[in-house]
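The block underneath contains the structure these notes are about, expressed in structure tokens.
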Amino acid sequence: MKICIYGAGAIGGYMAVMLKRGGADVSLIARGPHLQAIRDHGLTLRIDGEEIVEHMTASDDPAAIGPQDHVIVALKAHQAWETARALSPLLHDRTAVVTAQNGLPWWYFHGLDPAYADLRLKSVDPDNRQWNAIGPERVIGCTVYPAAEIVEPGIIQHIYGNQFGLGEPDRSNSARIAELAAALEAGGLKARIYDDIRDDIWLKLWGNLCFNPISALTGATLDVVATEPGTRALARGMMLEAQEIAEHFGASFRVDVDRRINGAAKVGAHRTSMLQDVSRGRPIELDALLTSVQEMGRLANFETPFIDSVLALAQQMGRVKGIYPTFPDSETIQARRAS
């Protein structure tokens, strides 16, 4: 099975090494010094006290890689939108595209209730770029739970976790998803196939949509945000608004809101990914994590005062710091009210 990792950063690189170790034919799309280091020395993964080095084809040009059976897009949401048209040389008639981004995916309404068939999430896919360039019928949904970081070009440090959620948008049990899960398992990763991957997307997003922006705004670690009375109440209010939206569109939650918050608190003094991005001056994933939830609320005529307030503050913070990479019409989405 031929698998291309589009975006061989921390998570993409971790997946690539593990998949290669399990016997998959893996290639990489990367760039800059990281790409050059991979070409010169292979891709190194530091995990459980050992170093694994795997050599595989790597390029910044998809045309040099050619058609694949699976393309795993391991970019941030705004980067995935920017590069969607570049995937074309990697696709043949049956290529599956695995969306391994945080937040609500651009294909969310595909395969859902026919009443929602014409809905699109403009906050994560303005002008339907991904919808048209990739096509929702190619998609396998994916939730990513491990953490890793690039410690220097060509070298990735695994931090924790090895679990991935997978699911077909139309809730089918397909051969291609079973094949992908088997490849992940062969490499030592855990792959759970969900009847509806949206439930797992929401469960992960439930924490990200509040803990990430609140921590980025305050500088507080996860344990503080989840236990200090004021920030805990704010996070809880945002989560309840999101739950109402998600359930309106058919999603379900296998834990309650307080258990989810308490679970986050037990993680300890963790700096959320958005807080890390702010401290390093890197673009923040605000639209996929929060603007998209607000947009779905507007589509269903829900008021979301907690979400609206935190989103407005985080957007302004991002603009001031120059780290909020807005999509072309995200400002319009943010202000829109369903008619």
Practice problem: Cross-chain or 8 or more residues apart, Cα under 29 Å: how many lysine pairs in the chain fit that? Count them up, please. | Solution: 18
Practice problem: May I ask you to derive the relative contact order of the chain, considering only C-alpha pairs under 8 Å and at least 6 residues apart, and to give it as an integer percent? | Solution: 16 percent
Quiz prompt | Separation of alpha-carbon centers, the range 217-269 and the range 88-140, rounded to whole Å | solution = 27 Å
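In terms of the Cα gyration tensor, with a ≥ b ≥ c the square roots of its eigenvalues, is the range 29-163 rounded because a/c is under 1.5, prolate because a/b exceeds b/c, or oblate?
Prolate.
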Quiz item: What is the calculated FRET efficiency for ASN132 to ASP25, with r their C-beta to C-beta distance and R₀ = 25 Å, to the nearest 0.05?
Solution: 0.30
Practice problem: Starting from the Cα gyration tensor of the range 198-335, take the square roots of the eigenvalues, sort them a ≥ b ≥ c, and report rounded, prolate or oblate (rounded when a/c is under 1.5, otherwise prolate if a/b is larger than b/c, else oblate). | Solution: oblate
Quiz item: Just one of (i) 0.95; (ii) 1.11; (iii) 1.05 is Cα Rg over 2.2 N^0.38 Å as worked out from the coordinates here. Which one is it?
Solution: (i)
Quiz item: Simple spin-label model, 7 Å along Cα-to-Cβ: ALA178 to ALA269 in nm?
Solution: 4.9 nm
Exercise. Enumerate the amide H contacts of LEU166 below 5 Å, restricted to partners 5 or more residues apart or on another chain; note that Pro and chain-start residues carry no placed amide H.
Key: THR143, ARG192, ILE193, TYR194
Quiz item: Lys/Arg Cβ at +1, Asp/Glu Cβ at -1, dipole of the chain taken about the Cα centre: which of MET1, HIS92, ALA233 is farthest positive-ward?
Solution: ALA233
Self-check item: Paramagnetic label zone (point 7 Å from Cα along Cα-to-C-beta, LYS321; backbone N under 18 Å) in the range 206-221
Solution: 208-221
Quiz item: With contacts defined as alpha carbon pairs under 8 Å and 6 or more residues apart, what's the relative contact order of the range 198-335 in percent?
Solution: 31 percent
Quiz item: So how do THR143, THR231 line up by other beta-carbon neighbours within 10 Å, fewest first?
Solution: THR231, THR143
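Only the coordinates and a few stated rules stand behind these numbers; no lab work does. In this text the structure is predicted, and so the values were computed from the model without any measurement. Every residue, glycine among them, receives a Cβ derived from its backbone with ideal geometry; neighbour counts consider all protein chains shown.
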